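Peer 1: Below is the structure I would like to discuss, written out as structure tokens.
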Amino acid sequence: MAEYPDLSKLTGEVVLFLSAEKAGCFEYSHTTTSIAGVRDSGINTAAIADQPIYQPWDVFLKKLRKIVGKQGT
């Protein structure tokens, strides 16, 4: 059985990476690394492969928009 973070115990702001399932529910896109904590003007991306431990929010958002834009095509 996969281990998932308990969302009810999270504090502060976080970014969740979710995927829609056929049954209409959502599932974590990347198991336990699907949660990135937001702090001050940046985001903790240490659990995301090939990303720095921490990066500015605007840099992360630009990368995320680029990835999402490619998925729509």
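The values are calculated or read from the model by the stated rules, or taken from the named source; none is laboratory data. On a predicted model such as this, the values are computed, not experimentally measured, just so you know. Cβ: placed from backbone, ideal geometry, glycine included. Neighbour counts: every protein chain shown.
Peer 1: Taking the stated definitions as given, is Glu3 outside any loop (DSSP other than H, G, I, E, B) and either among the hydroxyl-bearing types (Ser, Thr, Tyr) or modelled with pLDDT under 85 (or both)?
Peer 2: Values: outside any loop (DSSP other than H, G, I, E, B): no; either among the hydroxyl-bearing types (Ser, Thr, Tyr) or modelled with pLDDT under 85 (or both): yes.
When the stated conditions are applied, Glu3 does not pass them.
Peer 1: Scan segment 44-58 and report the pairs whose first residue is farther than 17 Å from Glu13 by Cβ and whose second residue is not β-branched (Val, Ile, Thr), with Cβ atoms within less than 8 Å and a gap of 6+ or a chain change.
Peer 2: Short answer, once both residue conditions are applied: Pro52/Ala46; Ile53/Asn44; Ile53/Ala46.
Peer 1: Hey, another quick one. Among all residue pairs at least 6 apart or on different chains, which show Cβ distances below 9 Å where the first residue, located in segment 4-27, is at negative phi and the second is part of a strand (DSSP E or B) and of a type in the set (Ser, Thr, Tyr)?
Peer 2: Close Cβ pairs (under 9 Å, with a partner that is part of a strand (DSSP E or B) and of a type in the set (Ser, Thr, Tyr)) amount to Tyr4/Tyr28; Pro5/Tyr28; Leu16/Tyr28; Phe17/Tyr28; Leu18/Tyr28; Ser19/Tyr28; Phe26/Ser19; Glu27/Ser19.
Peer 1: Which of the residues spanning segment 15-34 are modelled with pLDDT under 80, crowded, with 16+ Cβ neighbours inside 10 Å and not aromatic (Phe, Trp, Tyr)?
Peer 2: If the condition is that a residue be modelled with pLDDT under 80, crowded, with 16+ Cβ neighbours inside 10 Å and not aromatic (Phe, Trp, Tyr), then Ser34 is the only one that fits.
Here is a yes/no grid of residues against (1) of a type in the set (D, E, K, R); (2) assigned to a helix (DSSP H, G or I); (3) surrounded by 13 or more Cβ atoms within 10 Å (Cβ to Cβ); (4) at pLDDT 80 or above:
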residue: Ile43; (1), (2), (3), (4): no, no, yes, yes
residue: Ala49; (1), (2), (3), (4): no, no, no, yes
residue: Val59; (1), (2), (3), (4): no, yes, yes, yes
residue: Lys62; (1), (2), (3), (4): yes, yes, no, yes
